Structure formats: C-alpha cells, structure tokens
Amino acid sequence: MRPSIRSALERSAELTRSNQFVEAVATAEATFNRATDDELAEIRQWLNDHTNDFIGKV
C-alpha cells in the first residue's frame, strides 16, 4: 500500500481516538476512494491488524 494511504489510515485512527468521528470517517472514506483494488485488500488487512489503534487499547 502506498505510504500516503497508510498515513491517512493512521490519521483516521488518531482522529477516532480524539473523538473527532466525522473527520475520521471523512479521512477514511477519501482513502478508500483513491485506493486501487489491490490496495483495498491491504487496507482491509491493515484495519484488522490495527483495530486497537482506533479504540486506544494496547
């Protein structure tokens, strides 16, 4: 996955942890919209692997 997409996903997680849900969803949606089909599978896996990044648990 492109570094810009990974960065946007990480930013979305930060926004979610800060209770900025509208901004988090907008960031994630923009990321999904510019991803290639191959990247969508990688994004899905990244989200599964980083669920705790969004909820702030370690």
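The values are calculated or read from the model by the stated rules, or taken from the named source; none is laboratory data. These numbers were taken from a predicted model, which means no experiment stands behind them. Here the Cβ is made from the backbone with ideal geometry for all residues, glycine too, and neighbour counts use every protein chain on show. Ligands, DNA and RNA are excluded from the accessible area calculation, which covers all protein heavy atoms including side chains. Shrake-Rupley method; radii C 1.70, N 1.55, O 1.52, S 1.80 Å.
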task = Considering only residues that are under 13 Å from residue 3 (Cα atoms) and assigned to a helix (DSSP H, G or I), look in the stretch 35-50 and name the one that is most open to solvent (accessible area, probe 1.4 Å).
result = 42
key: Output for the stretch 1-33, where each listed residue is assigned to a helix (DSSP H, G or I), farther than 18 Å from residue 44 by Cβ and either hydroxyl-bearing (Ser, Thr, Tyr) or open to solvent by less than 60 Å² (accessible area, probe 1.4 Å) (or both)   = 15, 26
